[in-house]
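Written out below as structure tokens is the structure these notes cover.
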């Protein structure tokens, strides 16, 4: 899944064909570390997406647009000042480094021709977008890096640009057989690790692919390879290098168990099956179950498809970090309180024993000898003989009173804790349901209701004069294979509204059994009953949008909405029902149609 140098080479090859010669028409900065550049060509417009996000750096062509802030950030304004209407003269990659240079020429205020370079570094947490002049001096960058942050390289206006050499790797594009073999034999480790650890631009998945094509177990140590193994491996390695140099790319996404697991700019034979037809792009799980690959004609289309969901989730997790921290901290504290209360309740288990001791002493205490340390008596509740410990300094009646006092104290403690544990368990369930809502949030507006719920529940203090934010988030809307409309609440407020305001009495209601999760409502419409397939699809939605989505099977309760009740004073999203049907089902919703929000 690494965005390696070979993938960058595929991107650069595509960008050169589509963008070189084009003029920069629009420059936008939708996020603090993203750029969206519109390039005009005689045959139409192209959008170039650049991201220096620490968790998900990317570069590819896209058809989609993103809203930009009302006031453009300083870096965006700087680029507009220098590059607006500039012409792209070249796009290149140094070796197989994860770096892209976009060379641009433009006219300055005096009408003189100037050349600038926009450098995109795809390097994990060190990713950056750097703007340099013709002398390779940094004009500015989307992330400024001072000496206090990095002792290796400063990325600041006025500083010379250079690539920090922090890894001792060889250029795969210029490696002969002797160098290749000597480099690998010098590393006593598995072959695939020696390959990606020795040559620039090769990811672990590509190294495994090279070993697989050569018929070598990638886990074999380099010392165990024969001369023939090295000859075969270098031949495959050379074929890969030639494909990159000749720009002969074949981007593919590999799937396992219906989920995308890897991608590569070159063919992937590692998964042991031929590529699936291109028609499976929309629903790849319908054919070739198990392991298979899906080819793409464009590396940009591949990257956009593969990272679309990952990028969305990464962004929303960053934006919800504060809410997650509040929920997690409160949940941990509440669980500790609950465990302590359960331990205290366990300590009250002997209360009935003390009561019986007191009653037996009142009945048989006359037979206790003065100064005795115990008394044997028959328990008339069980007809068993019990031994009652005594305080020899007290009389039988005084010992009885002492046991009744202990019983009374433990009984009061038990009764108080029984109510408290119910309240604390309800709070834990509530917090876990909010945590589940955070897990399924996809957009910033989805967080508004969650934050409001935390505020109204007292977990977040409302600032004086702060007005409630406008609610624009709506439940997920799916359509079953049989044409029935299915709705999924994204949070507790939506769950309540969906169940008790939107759904009619005969609509069907689904929820994961004894797990935090969404309410799923299937609108019956004018139909009298639901087909079995729709029941199963709604249950899959309830399983997927619950804390049990990673389980192989999830037990789902379903019932007509008219049988679902909300107790008075219950927390948001909490309901009760007493008669229901159940089914165990997986959480695969890939074949269910989602209506665009």
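Each reported figure results from applying straightforward, stated rules to the coordinates on display, with no laboratory input. On a predicted model such as this, the values are computed, not experimentally measured, just so you know. Neighbour counts are summed over all protein chains in view; Cβ atoms, including those assigned to glycine, are modelled from backbone coordinates with ideal geometry.
Odds and ends about this structure:
- When shorter helices are ignored and each DSSP H run of at least 4 residues is given -39500 (n - 2.57), the per-residue value for the chain at 222 nm works out to -11500 deg cm²/dmol.
- Residue exposure proxy: 179, 330, 71, ordered by other Cβ atoms within 10 angstrom of their Cβ from fewest to most, comes out as 71, 179, 330.
- Acute angle (nearest 10 degrees) that the helix 444-456 long axis makes with the longest principal axis of the chain, alpha-carbon atoms: 20
- Measuring max minus min along each principal axis, the C-alpha atoms of the chain give extents of 113, 65, 53 Å (largest first).
- Whole-number D in µm² s⁻¹ for segment 64-108, Kirkwood Cα-pair radius fed into Stokes-Einstein, 25 °C, 0.890 mPa s: 191
- In plain terms, the residue of 423, 109, 453, 536 with the fewest other Cβ atoms within 10 Å comes first and the most crowded comes last, giving 109, 423, 536, 453.
- Using a Förster distance of 60 Å, the FRET efficiency for residue 151-residue 372 (Cβ separation, nearest 0.05): 0.15
- When the square roots of the Cα gyration tensor eigenvalues are ordered a ≥ b ≥ c, the ratio a/c for segment 1-143 is under 1.5, which makes its shape rounded.
- Stokes-Einstein D (µm²/s) once Rh is taken as the Kirkwood radius of segment 476-594 over alpha-carbon pairs, at 25 °C in 0.890 mPa s: 176
- Cβ crowding within 10 Å, taken as a proxy for footprinting-reagent exposure, orders 77, 583 from fewest neighbours to most as 77, 583.
- With the convex hull drawn around the C-alpha atoms of segment 191-256, the volume per residue stands at 93 Å³.
- Eigenvalues of the alpha-carbon gyration tensor of segment 415-566, scaled by 5 and square-rooted, set the equivalent ellipsoid semi-axes at 28, 20, 15 angstrom, largest first.
- For segment 66-101 and segment 520-568, distance of Cα centres in Å: 48
- In this label model, residue 500 and residue 305 are separated by 4.5 nm, measuring between points 7 Å along each Cα→Cβ vector.
- Taking all pairs of distinct alpha-carbon atoms in segment 320-473, Kirkwood radius in angstrom: 19.8
- Whole-number percent relative contact order across the chain, with pairs defined as alpha carbons under 8 Å at least 6 apart: 8
- Gyration tensor verdict on segment 15-83 (Cα atoms; rounded if a/c is under 1.5, prolate if a/b is larger than b/c, oblate otherwise): oblate
- Sorted largest first, the principal axis extents computed over the alpha-carbon atoms of segment 498-565 equal 35, 25, 15 Å.
- Cα-based shape type of segment 16-55, given that a ≥ b ≥ c are square roots of the gyration tensor eigenvalues and the cut on a/c is 1.5: prolate
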